[in-house]
Amino acid sequence: MVLKVAAIKESAAGERRVALAPEAVARLQALDIDILVERGAGAAAWFPDEAYEQAGATVLDADELRKTADVLVSIGQPDAATVAALRPGQTVIGMLRPLTDPGYAAGLANAGVTAISLDGLPRTVSRAQSMDVLSSQASVAGYRAVLTAAYVYDRYFPLLVTAAGTARPAEVLVLGAGVAGLQAIATARRLGAVVRAYDVRPASAAEVESLGAQFLKLTSVAGAAGEGGYARALTPEEQQAQQDELTAHIAKHNVVITTAQVPGRRPPLLVTEAAVSAMSPGSVVVDLGASELGGNVAGSRPDETVVTAGGVTIVGAGNLASEAPAAASAAYSRNVCALLTHLVHDGAVAIDLADEIQAGIVIAHDGAIVHAPTNALLNPPADAASTDGGTAS
Ligand code: NAD
């Protein structure tokens, strides 16, 4: 049996990535998988339709593709027209955000499809590393954040000694030292900046230092490691103390890059209005957490760059991976190939919820939500419905 796996064209505004690159065709042939691609799906990532055809894929219009595919693969949530055309038994794979948009997952369960959301992949299972889209995309975003900051910052990043005098190196502060933060640190170091970084997970200190950056030790939060390698949310008191302590450090830096996230929650506010006001004119802040729900930086707006009255440029960069779409799509595509290698047996997607990887990512199957955290959001116990103000919705 041959399984037909289709890459759909992304519909979100500004999204330039595509879920499968042409090189995936050869990789998946061994699994008896044929690749279909929606016409124009890869164009914005510099993968034209002809490149897919030359690799052996079939390029189809959206209607035909939705009818023919067994599995639809996307970056973000497929749009309403795609969901309306789904039929029971099909599989949808993407970053479906069930914890921030459980209603969308419920719609997929109602459509009778198997929904697989790669943003739920367990990070601590080593055999899942090759499928880890959060890491691959965060890595691109962290790299791109530094290039964005360096371009907007109207001085040099490295120390430069020239006949016209010596330019001091930029002082860069990275807040949040997960995958994006570590890549930002490494990139800023390569450009010659002096880099400091901070994270609430004490384990990140050694990683920061191994990249040649200095780890800031704050006294306000002793450590906030949570489950699965992630950070836990801080209490309001801890958050206030952390913000106050960070403000003095932020003021001494020319460039601040923020990457802090807590799964399923609004990004924590790390750079307050007071901290932005304390920065020198010409300073730059890049907020990777910028979203409609608010980001790590007061005054940041997704996909917008604002210059404050005090001359600080704040770049709201919620989707930087999409700004390097060829690199990001190539990595995402490899992650999807690794996932399909894990899931597909005898030409069919084999669902096994006892598998610890699948338990994290299979959201809907056989007409029901099978992912406990999503179920808990859709059917909260009566007494817990109105108590959690910090959860993203
Ligand atoms: P993330 O995107 O959820 O968050 C980014 C960083 O923000 C994290 O390091 C987090 O600790 C930090 N943060 C959260 N709240 C903060 C606050 N108030 N102040 C300062 N920093 C704050 O994290 P991520 O990059 O997806 O990484 C999550 C974890 O998964 C990390 O421990 C990472 O090392 C781990 N990981 C492991 C593997 C693997 O072993 N296979 C792969 C990828 C990531």
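The values are calculated or read from the model by the stated rules, or taken from the named source; none is laboratory data. Only a predicted model underlies this, so the values are computations on that prediction, with no experimental measurement involved. Every residue, glycine among them, receives a Cβ derived from its backbone with ideal geometry; neighbour counts consider all protein chains shown. SASA here: full protein model, heavy atoms, side chains in, ligands and nucleic acids out. Shrake-Rupley method; radii C 1.70, N 1.55, O 1.52, S 1.80 Å.
Points worth noting:
- Lone unmet requirement of (1) more than 10 Å from the ligand (Cβ to nearest atom); (2) within 20 Å of the chain's Cα centre (by Cα); (3) over 21 Å from residue 283 (Cβ atoms) for residue 179: (1)
- Considering only residues in the range 258-278 that are β-branched (Val, Ile, Thr) and in contact (Cβ under 8 Å) with a residue 40 or more places away in the chain, the one that is farthest from the ligand (Cβ to nearest atom) turns out to be 271.
- Test: residue in the range 152-168 that is in a helix (DSSP H, G or I) and within 26 Å of residue 223 (Cα to Cα): no
- Across the range 234-253, the qualifying residues are those that are open to solvent by less than 20 Å² (accessible area, probe 1.4 Å) and more than 11 Å from the ligand (Cβ to nearest atom), and the one among them that is nearest to residue 97 (Cα to Cα) is 250.
- Residue that is farthest from the ligand (Cβ to nearest atom), among those in the range 79-121 that are among the polar types (S, T, N, Q) and closer than 26 Å to residue 334 by Cβ: 90
- Of all residues in the range 223-253 being in a helix (DSSP H, G or I) and of a type in the set (D, E, K, R), the one that is nearest to the chain's Cα centre (by Cα): 227
- Test: residue in the range 146-160 that is open to solvent by less than 60 Å² (accessible area, probe 1.4 Å) and within 15 Å of the ligand (Cβ to nearest atom): no
- For the range 190-222, a residue qualifies if it is more than 8 Å from the ligand (Cβ to nearest atom), among the aliphatic types (A, V, I, L, M) and in a loop (DSSP other than H, G, I, E, B), and the qualifying residues are 191, 193, 211, 213, 216, 218, 222.
- Restricted to the range 254-335, the set of strands (runs of 3 or more DSSP E) holding at least 1 residues that are at pLDDT 95 or above and buried (at least 20 other Cβ atoms within 10 Å of the Cβ) comprises 255-258, 284-287, 313-316.
- Boolean, residue 94 is open to solvent by 10 Å² or more (accessible area, probe 1.4 Å) and not aliphatic (A, V, I, L, M): no
- Residue among 68, 58, 124 that is surrounded by fewer than 18 Cβ atoms within 10 Å (Cβ to Cβ) and within 16 Å of the ligand (Cβ to nearest atom): 124
- Members of the range 13-55 that are in contact (Cβ under 8 Å) with a residue 24 or more places away in the chain and open to solvent by 60 Å² or more (accessible area, probe 1.4 Å): 14, 16, 23, 26, 27, 29, 32, 34, 39, 46, 54
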